[in-house]
Amino acid sequence: MKNNLTLLLLLCSGPLWANEWSGNIALEYKSFNQDGLSSSQFNQYGSVSVQPEWFHEWDNGKQSLSFVPFSRWDQHDEKRTHSDIRELSWLKVFDESELRVGVRKVFWGVAESQHLVDVINQTDLVESMDGEEKLGQPMINYALINDWGTVDFFVLPYFRERTFPSVNGRLRTPLHIDTDNAIYESSDKQNHVDYALRWSHSLGDWDIGLSHFNGTSRDPAISTTATLDNNGALSLRPIYYLMQQTGLDLQATKAAWLWKLEAINRRIKGESYIAATAGFEYTFYSIFESASDIGLVMEYLYDDRGTKALTPFEDDLMMGLRWTNNDENNSSLLFGVIADRNDSSRLYSIEGSRRIGESWKLNIEARLFEGVPSSDKFLYPFRQDSFAQVELAYYF
Amino acid sequence: MKGIILLFSLVAFSGAVFAETAEEKGLAIAVEADKRDQSWGDQATTSKMILRNSQGAESTREIRGKALEVKGDGDKSLIIFDTPRDIKGTAFLSFTHTLKADEQWLYLPALKRVKRISSSNKSGPFMGSEFSYEDISSQEVAKYKYKFIKDDKYNGRDVFVMERYPQYKKSGYTKQVAWIDKEMYQPLKIEFYDRKKSLLKTLTEHDYKKYLNKYWRPDRLEMVNHQTGKSTTLLWKSYKFKNGYKSRDFDRNSLKRAR
């Protein structure tokens, strides 16, 4: 009994130093310069988000637990007022392998404009229209680490549905998406078990990844006929089909040049297609004898389904300019445009950030939709949704 | 007879010294410094950087580092940032090489993304400080050409004064002048000359301590930029050797779980 007590005391006190909380709380204000297409939409949206992080490690760093809940309150959009478990996972490190069990986020790929290869996590679309924010995905992930690369096995036992704005939210389709009544190809619906496999390796200047996914596609199709949602309002339903996707991501790092390629073959609804992102990033370091860097980014976005693609980026060119000041406040600015090569549609974006003092950070973002023709069925609904936003975050 | 032999050998010895050029003597000092600092194996450090702008306003960064000695090439290192809080958990993995381009990866915890980054920005500031990437990367003999200048005294200690010229690509320096302590074979001061050959920065290294009875490490580094008036203090809070690190602790998998 005394031994047990000693052990318990050791367990509690020994690794106490590794038991830590951190995180951030952020205030956001978003402003649209034009009225929305629907009278139920607003022009100004205030919002608060909080994301604490708890981390605990023991066994000399070979085991750890992490927990990252996330919550947002939005002034008008009740679907954007949402909570999620971004991470709740256990990690065990072995000599030549690593095991992770729980809810996590995984990123695959190298491109900046879109992430074709990255299919493990669902997009938390209400957070950001650029698809960079993700929902936590329950998984068992076992990584085998060899001299010839790392092989990751994934079992994904539960499916997360994409979030969409409510009737009162902006950047939505004219009829809102009825997220309560999603349609699935698999009769197991959200309980369909998905599998994925990835090999990744670094060979000199080359970083390479090959992946395969078999399960429910994270990208929903949208029903073409309107139905009633739970409140009796006309709406469209998301449809989740099963898919197999094989992906390749490749980066060659040659001095100041980064050459990038992401390519996928996706088999879905009895069809097979290829999509790719290819491009480069070139950085001018220490411009004009200052500490600043200027990076040029150019990527070509392709989808062989052409206008039938379920993406607005089927034959588009992305150009970006990244300015990094390298000062003590880590100031940076990214200007980008995605231009359709077949019509006049242009999607402009500006993202900037800088630290204020030791614990605060200011983020600005603006997106502009220009020249979107009615034939562009993906961007046309957003033609009056150009916006600018400011976020002030406190880190603890 | 014995005296003659002694005389002969003295002549032979001094002859050898005089035959040695300033370049050869400089190289010999660098080789000796490298030899004395070999076989440390691995080390773990915690440190704090204090950045000062020209008005004297300060900001701090807390950093943990791990390094693995690689025989015959540059070392492997993993650096984890604890503060400022907004970049907490950001980690930097680097395989340095003597003349070939270094391999570098950055882990961005918010995106869970490992990015292979270019190592061409050798002269770029590390974390907004007055230390550049080339200042903090591992020092290998083959990275420079050397020239011995003179024997001197610095802060009451016997030193070699020597110049070294970077041989790797993309260096921001044309020349460095180093004051090497004759007992420790470690630098007490280094002056950095920019591409236009004017004095850019001065580094002074303070409070050396001996670890494992062999390896000298400073407790404090002061880097002053003469052209901008900015300065950075780097305080080494702890050094720990013999951690048993393997190259497995310095791969992209360990980068992803670095905390």
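Annotations for the structure displayed:
- Ellipticity estimate at 222 nm from DSSP helix runs (n ≥ 4, -39,500 (n - 2.57)) divided over chain A, nearest 500: -1000 deg cm²/dmol
- By the Stokes-Einstein formula, at 1.567 mPa s and 4 °C, segment B:22-256 with its Kirkwood radius over alpha-carbon pairs has D equal to 70 µm²/s.
- For the protein assembly as shown, the equivalent ellipsoid derived from the Cα gyration tensor has semi-axes of 53, 28, 24 Å, listed largest first.
- Theoretical FRET efficiency, 1/(1+(r/R0)^6), r = Cβ-Cβ of A:T227 and A:T311, R0 41 Å, to 0.05: 0.95
- Report summary: the helix-based calculation at 222 nm, which adds -39500 (n - 2.57) for every DSSP H run with n ≥ 4 and divides by the residues of chain B, gives -5000 deg cm²/dmol.
- A simple rule links phi to the HN-Hα coupling: the Karplus curve 6.51 cos²θ - 1.76 cosθ + 1.60 with θ = phi - 60°, which for segment A:314-331 gives 9, 7, 10, 10, 10, 10, x, 10, 10, 10, 10, 7, 6, 8, 5, 9, 6, 6 Hz, with x for Gly and Pro.
- Across B:I87, B:I190, B:I79, mean-square fluctuation computed from a Gaussian network of chain B (C-alpha pairs under 10 Å connected) peaks at B:I87.
- With the simple model of a label 7 Å out from the Cα in the direction of the Cβ, A:Y241 to A:Q63 spans 4.5 nm.
- Electrostatic dipole magnitude of the protein assembly as shown [Cβ: Lys, Arg +1; Asp, Glu -1; Cα centre; debye, to 20]: 1820
- Equivalent-ellipsoid semi-axes for segment B:24-125 (Cα gyration tensor, √(5λ), whole Å, largest first): 28, 19, 15.
- Dipole in debye (nearest 20) - segment A:17-395, about Cα centre, beta carbon charges: Lys, Arg +1; Asp, Glu -1: 760
- Cβ-based exposure ranking for B:W105, A:W58, A:W148, in which fewest neighbours within 10 Å come first: A:W148, A:W58, B:W105
- Rounded to the nearest 20 debye, the dipole size of segment A:148-240 about its Cα centre is 260 debye, using +1 on the Cβ of Lys and Arg and -1 on the Cβ of Asp and Glu.
- The angle separating the long axis of helix A:2-13 from the principal Cα axis of greatest extent in chain A is about 40 degrees.
- Relative contact order %, chain B, counting alpha carbon pairs below 8 Å whose residues are six or more apart: 20
- Going from the fewest other Cβ atoms within 10 Å to the most, the residues B:E20, A:E365 appear in the order B:E20, A:E365.
- Between the listed residues A:I287, A:V106, A:P312, the Cα displaced farthest toward the positive end of the dipole of segment A:17-395, a dipole computed from Cβ unit charges relative to the Cα centre, is found at A:P312.
- Packing-based exposure ordering (other Cβ within 10 Å, fewest first) of B:T232, B:T46: B:T46, B:T232
- Alpha-carbon centroids, segment B:110-172 and segment A:255-273: separation in whole Å: 40
- Charge-dipole axis of segment B:22-256 as Lys and Arg at +1 and Asp and Glu at -1 on Cβ define it, positive-most pick from B:V141, B:A67, B:L221: B:A67
Read the figures in this text as sums done on the coordinates, not as results from a lab. Everything numeric here is computed off the predicted structure, so don't read it as measured data. No Cβ is skipped: glycine too gets one built from the backbone with ideal geometry, and neighbour counts run over all protein chains shown.
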